[in-house]
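The values are calculated or read from the model by the stated rules, or taken from the named source; none is laboratory data. Source: prediction; values computed, not measured. Every residue, glycine among them, receives a Cβ derived from its backbone with ideal geometry; neighbour counts consider all protein chains shown.
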Ligand SMILES: [Zn+2]
């Protein structure tokens, strides 16, 4: 059955009666409670300083008006008919293309966003400055010299330094991951090139990425601290096509900077087989030449792009939908994160057209430079100021491709779980499961989440996302318009309910160490 057919069946059978009872927060989830929240949380009367047995029961779960839930059904249907998100994505990928932070494409994307927000009649459009690194990729090549000469498909990791013009030549030492490297005997990689060969697992929730990516982010500096002179990784991606996946590394200032590249999965397989020759004594070493012409230039200006749909009676409170505007440079970033940009803009626009109108202000933030260090996300709270951060009632982010959304999770005060539960009931017919109350929501939301801002987290299906992520193949051809429509429907409904529920919304316990 196609996804579309599945929706049609579900849409016909969804009855409003399903909303009559607010469901409790999911069993087993360590749902943060309003009482545990710091600062602005409304404590029950008499709770402060009273003996434990005198604490009254927590306030009952909030309810959403039937009128709101009824119009949300219309919002879902409208989103499933709308082509707005795909049109925006087509425009961004055609008229702007690659938009690596610090490049002319990045600035063109800021101008594009301003133009589109204006055309779509958003208010308070602004582009606060964000300073971003400027890294020039140059060229990279990776050749096996022995035992069996081969040229391999490679990309420099983002931020890598260059090599001397002639490249560097050294034997490789193959390890699975960082712990395996650290378990090697003293001196094992001195003067050598470390090959991180761990393979990323394909999963629906994208968790395989988090497990594999340490080789890319921390691997180069850890290898350097052990005396290695270069790093090559198996691409952090699930494609078996001969394409390399780039992505940023993170040099640690305590270790020398060494060049680092990724090779495609099939090339990594080949290199692994060549390494097997050492075991049977057919070869003495696997030696390679690594050449990179990347370099750093001075930091430059970029910008976050912010636009709003003003609310009615709760206009000072915000529901933020975020995505990141920058992309990697080998392609147009259709999935990462053009899709998220399109989902955020289209969902906000659909909510703007609702009747009743959204009570809270809907704010779309297209963050600068997520890929190369979260520059926009990190500067956003400081730019806005503490008082403004407290205005954020709920935040959402789309940064895992075009979808579809398969689960609706959250991190909200327990009393507000009905926002999540009702939203999920409205999109259950689109194949969306109810998740837990421990979601993170995404990288660009980190600085807000760490300050206790509640998060709604529609989870995009990442099963095939990492086939194209950070590759030359992240193009519009990889985007399914019906997935985009379904994702917009879920984001729009979650946003609308978040904009309509009574407040004030308490903060969650502040955890500066949280992801
Ligand atoms: Zn992304």
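Return the residues of segment 276-314 that are under 30 Å from residue 259 (Cβ atoms) and within 16 Å of the ligand (Cβ to nearest atom); say none if nothing qualifies.
As a first pass, look at segment 276-314 and keep what is under 30 Å from residue 259 (Cβ atoms): 276-279, 282-302.
Scanning segment 276-314 gives a single hit, 302.
Could you check residue 401 against (1) within 19 Å of residue 318 (Cα to Cα); (2) crowded, with 24+ Cβ neighbours inside 10 Å; (3) within 16 Å of the ligand (Cβ to nearest atom) and say which number it fails?
With (1) within 19 Å of residue 318 (Cα to Cα); (2) crowded, with 24+ Cβ neighbours inside 10 Å; (3) within 16 Å of the ligand (Cβ to nearest atom) applied to residue 401, the lone miss is (1).
List the residue pairs whose Cβ atoms are under 7 Å apart, where the first residue sits in segment 114-135 and is part of a loop (DSSP other than H, G, I, E, B), the second is modelled with pLDDT under 95, and the two are 6 or more positions apart or on different chains.
128/383
Picking from 442, 452, which residue would you name as being touching a residue at least 40 places away in the same chain (Cβ under 8 Å), assigned by TED's automatic domain parsing to the domain that holds residue 317, within 16 Å of the ligand (Cβ to nearest atom) and buried (at least 23 other Cβ atoms within 10 Å of the Cβ)? Show your work before the answer.
Values: 452 fails: within 16 Å of the ligand (Cβ to nearest atom).
Step by step, each of 442, 452 is checked, and only 442 is touching a residue at least 40 places away in the same chain (Cβ under 8 Å), assigned by TED's automatic domain parsing to the domain that holds residue 317, within 16 Å of the ligand (Cβ to nearest atom) and buried (at least 23 other Cβ atoms within 10 Å of the Cβ).
What is the number of the single condition among (1) surrounded by fewer than 24 Cβ atoms within 10 Å (Cβ to Cβ); (2) modelled with pLDDT of 95 or more; (3) within 16 Å of the ligand (Cβ to nearest atom); (4) farther than 21 Å from residue 83 by Cβ that residue 332 does not meet?
(4)
Quick one: in segment 70-110, which of the residues that are assigned to a helix (DSSP H, G or I) and either surrounded by fewer than 14 Cβ atoms within 10 Å (Cβ to Cβ) or outside the structural domain of residue 431 (by TED's automatic domain parsing) (or both) is farthest from the chain's Cα centre (by Cα)?
Result: 70.
Out of the residues in segment 315-329 that are crowded, with 24+ Cβ neighbours inside 10 Å and more than 16 Å from the ligand (Cβ to nearest atom), which is farthest from residue 155 (Cα to Cα)?
Applying the filter and picking the extreme gives 318.
Give the residue, chosen from 276, 303, 262, 307, that is in contact with a strand residue (DSSP E or B) (Cβ under 7 Å, 6 or more places away or on another chain) and assigned by TED's automatic domain parsing to the domain that holds residue 167. Can you show your working first?
Working: 276 fails: in contact with a strand residue (DSSP E or B) (Cβ under 7 Å, 6 or more places away or on another chain); 303 fails: assigned by TED's automatic domain parsing to the domain that holds residue 167; 307 fails: assigned by TED's automatic domain parsing to the domain that holds residue 167.
Only one candidate passes the filter, namely 262.
Take the conditions in contact with a strand residue (DSSP E or B) (Cβ under 8 Å, 6 or more places away or on another chain) and assigned to a helix (DSSP H, G or I) and apply them to residue 382. Does it pass?
On the way: in contact with a strand residue (DSSP E or B) (Cβ under 8 Å, 6 or more places away or on another chain): no; assigned to a helix (DSSP H, G or I): yes.
Here the answer is no, as residue 382 does not meet what is asked.
Quick test for you: out of 396, 366, pick the one residue that is within 13 Å of the ligand (Cβ to nearest atom) and either at positive phi or crowded, with 23+ Cβ neighbours inside 10 Å (or both). Can you show your working first?
Numbers: 396 fails: within 13 Å of the ligand (Cβ to nearest atom).
Answer to the check: 366.
Do you know which of the residues in segment 357-379 that are part of a loop (DSSP other than H, G, I, E, B) and modelled with pLDDT of 95 or more is farthest from residue 249 (Cα to Cα)? Reasoning before the result, please.
Taking segment 357-379 and keeping what is part of a loop (DSSP other than H, G, I, E, B), we get 357-359, 368-374.
Among the residues that remain, those that are also modelled with pLDDT of 95 or more are: 357-359, 368-371, 374.
Numbers: 357: 44, 358: 41, 359: 42, 368: 18, 369: 14, 370: 13, 371: 10, 374: 13 Å.
Here the residue is 357.
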